[in-house]
Each structure stands twice: as structure tokens, then as C-alpha cells.
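One structure is given here, and the rest of the page talks about it.
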Amino acid sequence: MRYHVTTFGCQMNEHDSERMRGMLDALGYQEAGTREDADLILFNTCSIRETADSRLVAHLGEAKRLKRENPERIVGVGGCWAQSLKDEVFERFPFVDVAFGPGQVNRLADFLLSDNLGAQGYFEFESFTGDLPAKRLRAVQGWLQVSVGCNCRCSYCIVPSTRGREVSRALADLVAQAHSMASDGVRELTLLGQNVNSYGRDLRPERATFAELLRQIDDVPGIERIRYTSPHPKDMREDVVRAHAELASLCEHIHLPLQSGSSRILRAMRRTYDRERYLDRVALIREHVPDVSLTTDIIVGFPGETESDFEQTLEVVDRVSYDGAFTFIFSPRRGTQAGELTDGLVPHEVKVARLERLVELVQRRARERAERFVGRTVEVLVEGASRTDPDRLRGRSRHNKVVNFTGLARPGDLAQVDITSATSQTLAGDERILTRAAAPA
Ligand code: SAH
Ligand code: SF4
Ligand code: F3S
């Protein structure tokens, strides 16, 4: 039996898909190169914005055709979109055989092993996908799921309803998993949680803190880089900021989602911080880690956002000078508070115009920030060939910049690269071949 998985959405979904693959391999399935070649067609879905939904529906059309050609094929839909629609999935898409939420990926195995071939849905919040076997896409980079769910109630966001309440995994389990990944050859670990830095508060009998978790992972031999996503500004405390200054393997990059620069809109979004508190966090971070790269997420066109609210967002972007930003147009989501709002809706063309102005400023600032790397030598974890030029290599710096360069390094190596030029998105340079650090055999 052969399977094919298509993944949409965030890094947590990429992680969950690696676990799906690991679980299917353990069941004796093999991975197929294309959907046509698969007996089991899986989609790991996202519902964060409307565009995510519509993209998926197009893919499902192809699965429907393949199922018609061969009714023995099994079509499975997992992830946040499936969770948010639950049994409606089967009504709307009768060719789907099995649907499961992010908390019951393990049930896919039960379904495949059972004789019951009727459509099945599994939507409890029951287990961590991080406990399933993994099949990693890259040998030296790994995900570590530290928690699932989110206890925040951001008024625009569907995630609390698709991922459930926040539950942390035990500290000792995470450290043990980090050790075992390191002995498998993982050099860069990305800690994952919907609200990753609120990790540990729910643990009993003993709580743990995110900073403590970072320290213990930093102590794991072989783990040379630690990243984490996504943190919430409200939980970006001094101990975490200090960890960036003190821990050798913790990368000099912090993603600090702003969402809006207007305190009024932040309140309507229920973000629990205002513009001043956010800027205080930035100041604290820059005080302890002056060279840090800061990136962010911003939403434009939230209901009620006026021109003056939007200008405050531009002002924060201008003051903070991010190294990069993901920018989104507000998209009303089913079941969310902001999705129900009918007052103050921002016309589509106004949203688009604001997004363009925002992107222009973000890119200008990001390009200026990137200039600081020109003339410096940065450590790059090599991922493979450059996407634009197969004769060059591509990887990421500790600051999370994509670096394209000429050199002799292999995927998995940590290369030292002399940076010669920069754009808003990428750096370019040449490897210092003599100082190359070899990947473990
Ligand atoms: N847990 C993460 C974010 C997950 S979603 C955090 O709190 O930072 C990633 C980003 O998508 C969010 O930061 C937000 O900017 C954006 N987003 C979420 N819901 C959205 C919506 N309804 N419309 C537009 N953008 C949205
Ligand atoms: Fe969504 Fe807010 Fe939770 Fe992030 S913190 S997942 S934006 S509810
Ligand atoms: Fe999407 Fe769910 Fe991630 S809605 S962004 S896959 S948490």
C-alpha cells in the first residue's frame, strides 16, 4: 500500500505530517511520489484564512476524480480545516473516507487497521502527534512539539477551536526526545507550539517555564541551533530574552507577532497587550540582544480599522524596523468573534491598498536591516541547491536569513559564508572553505 500526503498551513502541520508519514511507514505503507500512485491520499489541512480553504477545495477535486477512477482508494482529511467542519466534511465531500483533527492523528492507524470501511471522523483532543514516530524531511533539522492548543482568545483566530486548550508535554520527555534526535544527527531543533513560550504553566505537579526548557535543550550535546515558533509577546519575559543572550545554541532571531500597531485595534483583537507594552518588549530584547533579527505578523483591515489605526501600524513598523514580516488581509473565520462583526467592515480595495503600503515599508526596512550583514561572515546551515541557480547552495543563517552562496559544502554542513550582498529577503555570498565544519557521518 502506498500513501501520499499534501500539507497546508503552518510548521505545526509540517511537523504533524512528518508524524503521519512515520506512523504509516511503521504500518508498512510506502510513500508514493504522486497522488495518482497512491492507495491512500491524505491532506493535512489549514483553515487560518479563507484562501487556505479555497486552495484545499481545489485539491480535493482531484482526489474526487482519482477516487472515481479507483474506488478502492482511501481519501483522508486531517488537520484544522477538518476539525473546524467535523462531520460536515462527509456531507460536503462524500468521497472522503476518514477525517481527523490534529488531536487524533493516531486514530488514522486504527481506521486503516479496522475492517470498518464506512466513513469515520475523529475529532477529540486526545494525544500529541509528537509521540508518534517521525519521518523527517531533512536529516539535520527536526521539530520538537512542546505543546498543543492555545488558551488565548484572539478575536480573529480559528486556532483555539481547531487545536483545543493548551497542553504542554512533560519537560523530561522533551529533553529525552531532543537527545534522541541529536543522536539521529539532528543539529537544528525548532520548538513548536501555538503559543510556544507559554509552555509549562499547565504542567502538574511541577510547573516548568519556557526559559528552563530552552536551557535544558541547550545542554543537549549535538544540538547546535535552537529555534522556536510561535511565541506570543505577552509571554516574552525577561528570562526568555536573557536566554537569547546566554545560550550558545539559541539563535539570534525572535518572531514577535504585532498584528496591529493601534492599541484600540489590539484591544478589539483581544491580544492582551497594547502598543506601548509591545514596544517595551522590543526595547528589552534589543537591550539584551542588540544584533537580534526581529520578524512579525501583521493583519490589515480588521473590522473598525481606520486610516489613523493603520498609520499607527506603519509607525510601529517604522520604529521597530523588522528584519521581515508576514502580512495578511483580515479574513473572517467561522466561529470567531471577529468573523461575526458587521460594523466597520473595511472595503476590500482599502484592505488591498493598505497591504501594499505596509509591504512596501516592511521590505524597505528589511533591506536596510539586511545591509548590516554585508561584509560579515555568517554561519549557514546548508539545506541544498539554491532555488534560482543549481550551481549555488542555499541555507539559513542563525538570524533566519536565507543565504545563497557559492561553495563546496554539503546539505547538513554548517558553512561559514562571507556575505557580499543583501536584498530584503535573502543574503548572498561565498563560502570560506577552509573553515568548513563537516556534518556528522
Ligand atoms: N499562534 C500564532 C499564530 C498563528 S496564525 C501567534 O499567535 O502568533 C499565524 C498568523 O496568521 C497570525 O499571527 C495572524 O497574523 C494571521 N491570522 C490569523 N488569523 C487570521 C485571520 N482571521 N485573518 C487574517 N490573518 C490571520
Ligand atoms: Fe490564534 Fe491568538 Fe492563539 Fe495565536 S495566540 S493561535 S493568533 S488565538
Ligand atoms: Fe492553519 Fe491550523 Fe496551523 S489553522 S496555521 S494549520 S494551527
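None of the figures in this text is laboratory data; all of them are computed from the coordinates on show. Everything quoted here is computed from the prediction, not taken from an experiment. Methodologically, a virtual Cβ is constructed for each residue, glycine included, from the backbone with ideal geometry; neighbour enumeration extends over all protein chains shown.
Spin-label model, Asp297/Arg432: points 7 Å from Cα along the beta carbon direction are separated by 3.7 nm.
Beta-bridge orientation, region 129-369: approximately 10 percent antiparallel, per DSSP, counting only bridges with both partners inside.
Mind checking the full-extension length gain between Ser424 and His288? Use 0.36 nm per residue of separation minus the Cα-Cα distance, one decimal, nm. Before the final figure, lay out each step's value.
Numbers: separation 136, 0.36 × 136 = 48.96 nm, distance 2.46 nm.
Additional length available on full extension: 46.5 nm.
Can you tell me which of Asp110, Asp87, Asp97 moves the most in a GNM of the chain? Springs connect C-alpha atoms under 10 Å apart. Of Asp110, Asp87, Asp97, the Gaussian network model singles out Asp110 as fluctuating most. Remark on the chain: Cys10, Cys46, Cys80, Cys150, Cys152, Cys251 stand apart, with no other cysteine beta carbon under 4.7 Å. Annotation: lysines with alpha-carbon distance below 20 angstrom to Lys64 (same-chain offsets under eight excluded): Lys86. Of Cys80, Cys154, the sequence from fewest to most neighbouring Cβ atoms within 10 angstrom is Cys154, Cys80.
Restricting the GluC sites (Glu not before Pro) of region 164-240 to loop positions (DSSP other than H, G, I, E, B) with no more than 13 neighbouring Cβ atoms within 10 Å leaves Glu206. When both bridge partners sit in the chain, DSSP labels roughly 35% of those beta bridges antiparallel.
Residues in region 33-71, backbone N under 13 Å from the label point at Leu137 (7 Å along the Cα-to-beta-carbon vector): list them, ranges by number please. Counting backbone N atoms under 13 Å from the label point, the list is 44. By the count of neighbouring beta-carbon atoms within 10 Å, fewest first, Val196, Val300 end up ordered Val196, Val300. Ranked by how many other Cβ atoms sit within 10 Å of their own Cβ, fewest first, the residues Phe95, Phe302 fall in the order Phe95, Phe302. Net length available on complete extension from Asp239 to Glu356 is 38.5 nm, with 0.36 nm assigned per residue and the Cα-Cα distance removed. Centroid-to-centroid, using Cα positions, region 190-256 and region 355-406 are 24 Å apart.
Could you check what % of the DSSP bridge pairs in region 277-405 are antiparallel, to the nearest 5? Intermediate results must be reported in sequence, preceding the final value.
Working: 9 of 15 bridges.
About 60 percent, rounded to the nearest 5.
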